[in-house]
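The values are calculated or read from the model by the stated rules, or taken from the named source; none is laboratory data. What you see is a predicted model, and the numbers here were worked out from it, not measured in a lab. In this analysis, Cβ positions are derived from the backbone assuming ideal geometry, glycine residues included, and neighbour counts consider all displayed protein chains. Side chains included, ligands, DNA and RNA excluded: accessible areas come from the protein's heavy atoms. Shrake-Rupley method; radii C 1.70, N 1.55, O 1.52, S 1.80 Å.
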Amino acid sequence: MKSFDVVVIGGGPGGYIAAIRAAQLGLSVACVDEAKGADGKPALGGTCTNVGCIPSKALLQSSEHYEHAGHHFADHGIQVKGLALDLAQMLKRKDKIIKGSNDGVLYLFKKNKVAFFHGRASFSKPLEIKVNDETLTAKHVIIATGSNPRSLPGVEFDEKLILSNDGALAIAEVPKRLGVIGAGVIGLEMGSVWRRLGSDVTILEALPAFLGAADEQIAKEAAKAFAKQGLKIELGVKIAKVEKNKTVIIQYSVSDGSSKILECDRLIVSIGRTANTTGLNAETVGLKLERGFVAVDGDCRTNLPGVWAIGDVVRGPMLAHKAEEEGVAVAERIAGQKPHVNFNTIPWVIYTTPEIAWVGKTEQQVKSGGVEYRVGSFPFSANARARALGDTTGMVKFIAHAKTDEILGVHIIGPMASELIAEAVVAMEFRGSAEDIGMICHAHPSLSEAMKEAALAVDRRSLNI
Ligand code: NAI
């Protein structure tokens, strides 16, 4: 039996960050994670590192280079002859990045003196964990076991023809026809990767509106941009049947009731994820679950004293950075501090081209909440750096309170939206106004000037349009 102040179950971005923060605060910490790499060694970093954020960004980057070399370099006066795709190398590079990140987490554990146990953890008592043949006792347990892809009823993932996010990152040959069910974050990102590499991609989405969680104006811009790229997206779809043989045949109906058929060589199912509590033995020790999630209060406390839960396995957006914030906050609470996670300033990013990023409220949310507001927007076509980059699609949109000018939401579609959104997050965290951003000096020429210009536009003071 080994005793710790804190045992963290799960070494994804929520769990490993919680473990490090707890160790920094002087607590004795263990982390348990079962994931294995192809070599059988620990693969720390969770879904994000192994089959999510990191590998998808690696492939998005590689496929974007390929598309640029094939279609855009000529505009810059660069002629490419004999352009060829080496998919095996592209996948190898992605795997190397994953391995580097896995080992990076192990290194951080050593550096911070976090004891690591490789295996599946299950509760024998609320503060007693079994892993392999060992028993760990703790004053506090943090559950950070993440999530699993949700399958369509009756259509199991085989990762050969019917792919989850896992298989979608490892297709050995570019499929001629790729079907995707669900036009959410994974569907759009992975659909983009394989379209750039040559697949004919069709995405089937159940909702009648495209990107329902995004600001409507931004979603419309995105739909236009994706259509122009040749990504086919059908909305209001109801899947009737999925059959697989050598290909996959999907029967579905659309909003006018008519039936359609899509035949494809591979099908990605990306219709959301479910909390992962598999093998935890949660029920036996009396851990309360709610709709499959571990039930927690606003501070991530479960119903069992000393047991906490964070990240995808609890309510809220399934985002690595949300899990990290909760992980830090729980470690600090255990150490007697009073941290706070601001759920209103969690940024969202979709790494397509154009990138889409937002923080705070959408215009439709502000409107339906009866708040008086003003909007300012600025197109990248009027931004000098975007023109020099040759990437002028999209805009920045600020939504501010009509009376106080406090920033209520910022929405970006365009180049480097994922990086630009950070300024808006900072401003909103400090409860800044649109005028605050408009008064700050932004480097010229830079994409960030579009942020300043959109903020100025709230007061109809844009300078370059
Ligand atoms: P999602 O929740 O983003 O999108 C799922 C989509 O599938 C929705 O648009 C939904 O309406 C649709 N859908 C659901 N059932 C359907 C059905 N039967 N037929 C057709 N469409 C259906 O989920 P996704 O893309 O699977 O991603 C899972 C999680 O991973 C998300 O919570 C996401 O936040 C996270 N993630 C985040 C990334 C990022 O931050 N860039 C990247 C990838 C994933």
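Observations on the structure shown:
Per-residue answers, yes or no, for (1) open to solvent by 10 Å² or more (accessible area, probe 1.4 Å); (2) in contact with a Leu (Cβ under 7 Å, 6 or more places away or on another chain); (3) assigned to a helix (DSSP H, G or I):
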position	(1), (2), (3)
Val8	no, no, no
Ile17	yes, no, yes
Ala23	yes, no, yes
Gly26	yes, no, no
Ser62	yes, no, yes
Gly70	yes, yes, yes
Ala74	yes, no, yes
Val80	yes, no, no
Leu85	yes, yes, no
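- Residues in the range 317-334 include at least one that is more than 22 Å from Thr49 (Cα to Cα) and not β-branched (Val, Ile, Thr).
- Within the range 94-158, strands (runs of 3 or more DSSP E) holding 2 or more residues that are closer than 16 Å to Gly279 by Cα and under 26 Å from the mean Cα position of the chain (by Cα): 134-143, 147-149
- Residues that are open to solvent by 50 Å² or more (accessible area, probe 1.4 Å) and either free of Cβ contacts under 8 Å to residues at least 24 places away in the same chain or among the aliphatic types (A, V, I, L, M) (or both) within the range 217-232 comprise Lys220, Lys224, Ala227, Lys228, listed in sequence order.
- Tally of residues being open to solvent by less than 80 Å² (accessible area, probe 1.4 Å), hydrophobic (A, V, I, L, M, F, W, C) and farther than 30 Å from Gly414 by Cα across the range 255-268: 2
- Within the range 166-209, the set of residues being touching a Pro at 6+ places or on another chain (Cβ under 8 Å) and of a type outside the set (A, V, I, L, M, F, W, C) comprises Asp166, Ser199.
- Residues satisfying the stated conditions in the range 312-346, i.e. within 16 Å of the ligand (Cβ to nearest atom) and open to solvent by less than 40 Å² (accessible area, probe 1.4 Å): Asp312, Val313, Val314, Pro317, Leu319, Ala320, Lys322, Ala323, Glu326, Thr345, Ile346
- Residue-level analysis places Ala183 among those that are open to solvent by less than 10 Å² (accessible area, probe 1.4 Å), outside any strand (DSSP E or B) and within 11 Å of the ligand (Cβ to nearest atom).
- Scoring Ala206 on the criteria (1) under 27 Å from Gly46 (Cα atoms); (2) within 16 Å of the ligand (Cβ to nearest atom); (3) in a loop (DSSP other than H, G, I, E, B); (4) open to solvent by 10 Å² or more (accessible area, probe 1.4 Å) leaves a single failure, condition (1).
- When Ser377, Ser368 are checked against the criterion of being open to solvent by 30 Å² or more (accessible area, probe 1.4 Å), over 26 Å from the mean Cα position of the chain (by Cα) and not β-branched (Val, Ile, Thr), Ser368 stands alone in meeting it.
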